[in-house]
Amino acid sequence: MRLRPGSRLRAAASTAEIIVVRAPDDEVDLRCGGAPMLDHDEPAPTAIAEGGDDLLIGKRYSDASGSLEVLVTKGGRGALTVGDEPLAIKAAKALPSSD
């Protein structure tokens, strides 16, 4: 699937929804809980996945290279992956000390 910043996606097997913040130029196999992500306008999932990691609302997830970044707008079950590579929560930058 070709992603672009601002794209809204939903998980096929979860209630999770995301917005793409940064995307690479090439095709991306973005998955949640092992199932491909769907366009936000496609019908909601009928079967919800049990178990797995919780996606945390308001958190940004990024791949190892930093070329893909997404923001979770609705939490749900299932790990975000690009193919088999899991996306990690993007940590906040440390502010400089004001000594």
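Here is the figure for segment 45-69: residues that are part of a strand (DSSP E or B) and either surrounded by 15 or more Cβ atoms within 10 Å (Cβ to Cβ) or modelled with pLDDT of 90 or more (or both) total 5. The set of residues in segment 70-86 that are open to solvent by less than 40 Å² (accessible area, probe 1.4 Å) and modelled with pLDDT of 95 or more comprises Val70, Val72.
Among the residues of segment 27-44, the ones that are closer than 19 Å to Gly6 by Cβ, part of a loop (DSSP other than H, G, I, E, B) and either without any contact (Cβ under 8 Å) to a residue 12 or more places away in the chain or open to solvent by less than 70 Å² (accessible area, probe 1.4 Å) (or both) come to 4 in all.
The values are calculated or read from the model by the stated rules, or taken from the named source; none is laboratory data. Note that this is a predicted model, so its numbers are computed, not measured. Virtual Cβ from ideal backbone geometry, glycine too; neighbours counted across all protein chains shown. The area values use the complete protein model at the heavy-atom level, side chains included, leaving out ligands, DNA and RNA. Shrake-Rupley method; radii C 1.70, N 1.55, O 1.52, S 1.80 Å.
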